[in-house]
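See structure below.
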Amino acid sequence: MLFIFHAAASTSCSGRLLSMSPLHRRVEYRTTLRRKTAVCRSSRGDPKTGSGSAERLYLGMDFGTSGARFAVIDEHGVIRAEGKRECPVYMSDESMDWVRSWKVTLLSLLEDIPLYLRPLIASISVDGTSATTMLIDGNSGEMLGRPLLYNESCADALPEVKSIAPENHTVCSGSSTLCKLVSWWNVNDSNKQSVLLLHQADWLLWLLHGKLGISDYNNALKVGYDPEIESYPAWLLSQPYSRALPSVTAPGTPIGPLKEDILLQYGFSKDCVVCTGTTDSIAAFLAGRATKPGKAVTSLGSTLAIKLLSTSRIEDARYGVYSHRLDDKWLVGGASNIGGAVLRQIFTDEQLEKLSEQIDPMVASPLDYYPLQTTGERFPVADPNMEPKLHPRPKSDVEYLHGILESIARIEAKAYNLLKDLGATPVEEVFTAGGGAKNEKWIKIRERVLGVPVSRALQTEAAYGAALLALQGWGKDTVASV
């Protein structure tokens, strides 16, 4: 059992996807390459020729706030190489310089890919945190302020957004991308003519292909894009800040070739194509094997995110519930602020492993917590003022950890029950992704609390889902346009 969580800072501010089930299979890792700041696994191959001149590989990269991963797969979904990086800490004016950190991490991941595999990579895709918002000068590409992170609430903009959007729309939450855009617009007098909104994945992909202003309909959902009609709605297009909105296409749509400087520096093929990305939770869903309505994926990383495959689209901002399009079905769910980040504040990885071994998952814990890292919750209750609840703390660390794990499981169950009450397909089985999927005792606790089968997904990393998007995008005739 091992927990691998990426912590996130918290502040406040004043085409279609194809079913990937045939590609989900177990993989053996035969060769391990270790670096001081990166962990990379690569399958055995000829360093000079690779595994054949006609072979094509596909690269996916998953970005959180403070860490990132990559996965290189072949056409059968077999992992050929994978690695991870912690984002370096750079400070600017006493705050974290996320832009520099993410760029350095992106280039470091490219450097970590085995040299002999790089020329074989045919396409690339990237996922990023949902609603992490970056406002760019569309002429220069320079940032117009710091990134607004996924869990930041711009409550100052919420009344204005609620006045134009339909009742209980996804954007009617202080942490929505639209609230962040409106908040920025209302306090900035300059750069409004050239401002361009990008999401974290959009910006990272732009560093690779060089075309500003392209997004995907998973990332664009929280800025108001309607994937059902494949357009921004009229109520949004009529606003002055609509000029900042990016063009939107399906995840996995080819955008263009890699920039020449990337090609030359890292040795990729000139035919390598960069494709639109998706959000981290969608990529994690794709990495699982949930292919039928009623199947769900819970991602247990720094935070808890759930996605349930449903025949019905559900949108209700009162509870932070929204739906992403997936082919002719809908991924219904939301993302909570509870999760592994809190555990890492209290316990070390070694403590988590040893204490978990002593937990009896068949016995319910009487402790009742709401383990937020900071003030504010998004789902299953959208309440920016909700306070963390981590007391009383028993003398026994085993009991304390048991209580936290069980409390997270209860909140997860509340989330799935809420989706059913709102009209989504009832959950029948849950697959688990993220660092928390490695804890077998926690899986058994959740299975008891949820009342449905719970297991670890065959592939648990969002980077794998991003690689599947790259595989899907290669060879498409449709090209994203600005």
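Only the coordinates and a few stated rules stand behind these numbers; no lab work does. Computed from a predicted model, the values in this text were never measured in an experiment. Cβ coordinates were reconstructed from backbone atoms using ideal geometry, including for glycine residues, and neighbour counts include every protein chain displayed.
Tell me, what is a quarter of the convex hull surface for the C-alpha atoms of segment 110-171, in nm² with one decimal? Provide the component values of the computation, followed by the final result.
Numbers: hull surface 30.9 nm².
The number I arrive at for segment 110-171 is 7.7 nm².
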#### Entry: In segment 113-213, the trypsin sites (Lys or Arg not before Pro) that fall in loop regions by DSSP, at most 12 other Cβ within 10 Å
none
### Query
Dividing the alpha-carbon Rg of segment 284-374 by 2.2 N^0.38 Å yields what?
1.32
### Task
Could you pull out the GluC sites (Glu not before Pro) across segment 170-272 that fall in loop regions by DSSP (anything but H, G, I, E, B) with no more than 14 other Cβ atoms inside 10 Å?
GLU228, GLU230
## Note on the structure
Note, segment 126-137: 3J(HN,Hα) by Karplus (6.51, -1.76, 1.60, θ = phi - 60°), whole Hz, Gly/Pro = x, goes 9, 10, x, 5, 5, 6, 6, 10, 10, 9, 10, 6
### Cα centroid separation, segment 387-449 to segment 175-229 (Å)
33 Å
#### Entry: Listed residue pairs exceeding 23 Å between alpha carbons, taken from LYS222/LYS476; LYS307/LYS420; LYS307/LYS329
LYS222/LYS476
### Task
Just order 446-456, 68-78, 108-118 by mean Cβ neighbour count inside 10 Å, highest at the front, would you?
68-78, 108-118, 446-456
### Listed residue (HIS324, ILE338, TRP442) projecting farthest to the positive dipole end of segment 290-457, Cβ model
HIS324
### Message
If N is the number of residues in segment 290-457, what value comes out of its Cα radius of gyration divided by 2.2 N^0.38 Å?
### Response
1.00
### Principal axis dimensions, the chain - Cα atoms, whole angstrom, descending
59, 56, 47
#### Entry: Eligible aspartates and glutamates near LYS292 by straight Cα distance, threshold 16 Å, same-chain separation 8 or greater
ASP327, ASP328, GLU428, GLU429
## Note on the structure
For segment 306-414, the dipole about the Cα centre with charges only on Cβ (Lys and Arg +1, Asp and Glu -1), to the nearest 20 debye, works out at 340 debye
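If segment 364-482 were replaced by its equivalent ellipsoid, with semi-axes equal to the square roots of 5 times the Cα gyration tensor eigenvalues, what would those be, largest first, whole Å?
On the way: eigenvalues 214, 68, 52 Å².
With the √(5λ) rule applied to segment 364-482, the semi-axes are 33, 18, 16 Å.
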### Task
Determine the shape class of segment 328-387: with a ≥ b ≥ c the square roots of the Cα gyration tensor eigenvalues, call it rounded for a/c under 1.5, and otherwise prolate if a/b is greater than b/c, oblate otherwise.
prolate
### Query
What is the P(r) of segment 53-185, as percent of Cα-Cα pairs per 5 Å bin from 0?
2, 9, 16, 15, 15, 13, 11, 9, 6, 3, 1, 0
### Query
Which value in Å is the Kirkwood Rh of segment 210-273 over different Cα pairs?
13.6 Å
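Could you work out [θ]222 nm for the chain from helices alone, using -39500 (n - 2.57) per DSSP H run of at least four and dividing by all its residues? Round to the nearest 500 deg cm²/dmol.
Helix contribution divided over all residues of the chain: -8000 deg cm²/dmol.
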### Query
Counting only DSSP beta bridges with both residues in the chain, what percent are antiparallel, rounded to the nearest 5?
70 percent
